[in-house]
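For reference, the structure discussed in these notes is given below.
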Amino acid sequence: MMVFGQTDEIAKMPKEKAGTISQPTGKIAFIRDKNVWVMDWNGQNQFKLVTAENASGKLSWSPDGKSVAFCRFGQVDLQGPDHLGGKHKVWDIFVGYLDSALQAEKPTTNWWRRLTFDLGGRYPEWFRGKNKIIFTKDLNANLVNALTPNYQVCFMDSTGGSYEILRTDWKDSQNHMLMPTLGPDDKFAFVYVENVNPAGIIISSLNRKTLSKADMSGQLKFIPKGTAPAWSPDGKWIAYIMGSVENQAIYITNDILSEKYLIFKPAVGQTLQTFPLSWSPDSKWLTFALGDGSIWIVDITGNGLRQIAGSGANEAPAWSQH
């Protein structure tokens, strides 16, 4: 398994390698006060898309730019016969529609479609050019006596049907999968969780149906301690966050880990939200949020840094596909 070393010298991407970086385009969805909002790439023309009051986590735009997948959370409060139990959050995936919020007569932010129904759906990402969504599902979410979650990568169509689990060995596994993000040629990246402890980012193939120790010692690429991955639309780069709370930074790498560039490092006293990052449609810009609720964009050379919203109760910005 190819692994990034911890002593890599990290530089910013040279301008000649980045190529021409034009002004961004598209819209950015984000969560504010647990509701879903949309704005232009520069922070202008903000409007509420969905009044959910319990939205949180990754957002994803449909390929046609007309809807946004989002998550809502609830809570289970269990006290068993032996007085053991406790509280934990549960999640499902929904879709909100721009035409409902923007219609001229009687606009509404109270219309959405529910895609998952069994309390385990999180981190949706729409396939580019397809009405298909990849997501994380806690396969133990509906088991009242489950001691730990079982996070696995799953697929469904844009109506919530044709549900499929990627792995064939998920029932007996202690290795879990979070935050999937799609690349070219059936590649994808995800956060690897071992015995409930996030270990880093794995780059693999959707054709791989198992995640055993043999797989881990084989051809998989691995970024230790990485999280919040996002594959660029052009397929060239994977953006991610790495480091402790005191030493976080955003980086990009290619799928064989032969290149690595620093994009953004928070100032002293700042922290990065660790929701998955999001790319502009042309793969030249990234959007992210800080712990104070401010939303930012930056280009792949680490320049052009610009605050476009916040600070406040903002989180999880997601760029549209066009």
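Here the strands (runs of 3 or more DSSP E) wholly within the stretch 8-80 that include at least 2 residues being modelled with pLDDT under 95 are 67-79. Residue selection: THR227 satisfies the criterion of being touching a residue at least 24 places away in the same chain (Cβ under 8 Å), surrounded by 20 or more Cβ atoms within 10 Å (Cβ to Cβ), polar (S, T, N, Q) and closer than 28 Å to ALA69 by Cβ.
Would you confirm, using the coordinates I've provided, whether ASN42 is more than 30 Å from LEU147 (Cβ to Cβ) and out of contact with any Cys (no Cβ under 6 Å at 6 or more places or on another chain)? The answer is yes for ASN42. Among the numbered conditions (1) in contact with a Leu (Cβ under 7 Å, 6 or more places away or on another chain); (2) surrounded by 13 or more Cβ atoms within 10 Å (Cβ to Cβ); (3) not in a helix (DSSP H, G or I), the only one that ALA101 does not meet is (3).
The set of residues in the stretch 132-165 being more than 16 Å from ASP92 (Cβ to Cβ) and touching a Gly at 6+ places or on another chain (Cβ under 8 Å) consists of ASN145 alone.
Filtering the stretch 142-172 down to residues that are of a type in the set (Gly, Ala, Ser) and under 22 Å from LYS209 (Cα atoms), which residue is surrounded by the most Cβ atoms within 10 Å (Cβ to Cβ)? Steps first, please.
First pass over the stretch 142-172, keeping only residues of a type in the set (Gly, Ala, Ser): 146, 158, 160-162.
Retained after the next criterion (residues that are under 22 Å from LYS209 (Cα atoms)): 160-162.
Numbers: GLY160: 18, GLY161: 8, SER162: 10.
Looking at residues that are of a type in the set (Gly, Ala, Ser) and under 22 Å from LYS209 (Cα atoms), I get GLY160.
Just checking, does the stretch 176-185 include any residue being part of a loop (DSSP other than H, G, I, E, B) and β-branched (Val, Ile, Thr)? Walk me through it before giving the result.
Going residue by residue through the stretch 176-185, those that are part of a loop (DSSP other than H, G, I, E, B) are 183-185.
Next cut, β-branched (Val, Ile, Thr) only: none.
No, the stretch 176-185 has no match at all.
Only one residue in ALA189, ALA267, ALA214 is surrounded by 13 or more Cβ atoms within 10 Å (Cβ to Cβ) and among the hydrophobic types (A, V, I, L, M, F, W, C). Which one? After ruling out the rest, the residue left standing is ALA189. Only one entry in GLY291, GLY183 is under 23 Å from CYS71 (Cα atoms), surrounded by fewer than 19 Cβ atoms within 10 Å (Cβ to Cβ) and under 19 Å from the mean Cα position of the chain (by Cα), namely GLY291.
Condition check for LEU84 on (1) surrounded by fewer than 17 Cβ atoms within 10 Å (Cβ to Cβ); (2) in contact with a strand residue (DSSP E or B) (Cβ under 6 Å, 6 or more places away or on another chain); (3) not hydroxyl-bearing (Ser, Thr, Tyr): one failure, at (2).
The values are calculated or read from the model by the stated rules, or taken from the named source; none is laboratory data. Quick caveat: nothing in here was measured; it's all calculated off a predicted structure. Glycine gets a Cβ as well: all are built from the backbone with ideal geometry, and neighbour counts include every protein chain shown.
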